[in-house]
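Reading through the structure tokens given below for one structure.
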């Protein structure tokens, strides 16, 4: 059996590859790993996946001079840098080194392929959102006329959030906003889950807010990859508040932008949008107040004119009524004067007759009264005790009380007094005899 050293075998492999392989191939692969050394050389691991399973992989490199040209051209076309996670179409040369083994030397990269690949993935996500019936759901949310209670999802250290907050807080109109920040990572592998978790926190207080704002500063296209994922876009599309986005620069449009209620390019543009909404509402209020004041003034003028007419009519009618009543009063006064004169004459006649009668009555009344007084005087004289005593009668008293027919409690030995017209006699009871 012939024996070969490892070097001899690797030399045979290298010679066989050199004889049978084309000078270069265009290969589709995903950048699995990537690093740059101090000299500017780029070392990659290219992979091919089926789902999450790696089906093939190989080392690749781009030498420093070529890397500077390729990376600059790629970023200018795609607006993103070469980095792990993106698919590329690369022109590669197969190399086999006796010591370092098999590798690919990347000679060129087609940036248009990467653009197309990203567009294909975005269209697949959009089509799924449409098929699930959620693509336009957030656009159906009603944005309040004056949204002032704002939930914001952003990184607290993001320059975009600082600009947004300053512009709303220090606005020239003096409008007040209640801004609540819900912190989240806005780029990187954990950004999607972090933003969704922040949305759940907002949902727990959803009654406290008018709208949800998602903002971040611009970045490379790959920095915005999380905003093109189905999970985050579906959460935004179905969120119960109108969502306003400001997550990129002028050239960027993510799927989250497409499903949000309102898409603005930058955080500053979102702040301007909110301020313009309130300013527009404020202007409409001023215009409504001006219109109300104008119509109120016109109404008051009309009512004033109407009141003047009523006043004039009232004065005219009042004068007529007063004149009619004055005429009636004059007639009544004449009638009363006539009646009074007639009544006065009649009463005067009665008084004259009465005077004649009264002039004859006093002498008769006096005579009759004098006779009555004389008779009364005689009656009084007859009833006077002195008169009775002078006629021979006497008055007997016991203990100062006159004895009459009624029974008086008198006992033997009691003293009684008897009064006559001339004297008073005291007697002692020695005998009592009842009738």
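Read the figures in this text as sums done on the coordinates, not as results from a lab. Given the structure is predicted, the values throughout are model-derived calculations rather than measurements. Neighbour counts are summed over all protein chains in view; Cβ atoms, including those assigned to glycine, are modelled from backbone coordinates with ideal geometry.
For residue 294 and residue 49, what does the FRET efficiency come to when R0 = 51 Å and r is the distance between their Cβ atoms, rounded to the nearest 0.05?
0.10
Does anyone have the angle between helix 111-131 and the longest principal axis of the chain? Alpha-carbon axes, 0 to 90°, nearest 10?
The answer is roughly 40 degrees.
Can you tell me the relative contact order of the range 122-280? Whole percent, Cα pairs under 8 Å, sequence separation 6 or more.
Computed over the range 122-280, the figure is 31 percent.
Listed highest first by mean packing, meaning other Cβ atoms within 10 Å per residue, what order do 227-235, 322-330 come in?
227-235, 322-330
Taking every DSSP beta bridge with both residues inside the chain, roughly what % is antiparallel (nearest 5)?
For the chain, the DSSP antiparallel bridge percentage is about 70.
Taking the Cα atoms of the chain, what is the range of coordinates along each of the three principal axes, in descending order and whole Å?
Computed over the chain, the largest-to-smallest principal extents equal 207, 87, 40 Å.
Taking R0 as 35 Å, what's the FRET efficiency between residue 26 and residue 130 from their Cβ-Cβ distance, rounded to 0.05?
So the FRET efficiency works out to roughly 0.55.
Students often check this: by mean Cβ neighbours within 10 Å, which of 29-40, 100-111, 14-25 ranks highest, and how do the rest follow?
Per-residue mean Cβ counts within 10 Å order the peptides as 100-111, 29-40, 14-25.
Taking 8 Å as the Cα distance limit and 6 or more residues as the minimum spacing, I'd like the relative contact order of the range 1-110 as a percentage.
29
Find how much the distance from residue 268 to residue 364 grows on full extension, using 0.36 nm per residue of separation minus their present alpha carbon separation; answer in nm with one decimal.
So the extension gain works out to 21.8 nm.
Taking 51 Å as R0, compute the FRET efficiency from the Cβ-Cβ separation of residue 285 and residue 312 and round it to 0.05.
0.80
At what distance in angstrom do the alpha carbon centres of the range 181-241 and the range 94-118 lie from each other?
Here the answer is 36 Å between Cα centres.
Could you give the length gained by full extension between residue 6 and residue 403, i.e. 0.36 nm per residue of separation minus their alpha carbon distance, to one decimal place?
This chain segment gains 124.6 nm when fully extended.
Taking Cα pairs under 8 Å and at least six residues apart, what relative contact order does the range 388-428 come out at, in percent?
Relative contact order here is 40 percent.
At 0.36 nm per residue, and after removing the present C-alpha to C-alpha distance, how many nm does the segment from residue 15 to residue 305 gain when stretched out fully?
93.1 nm
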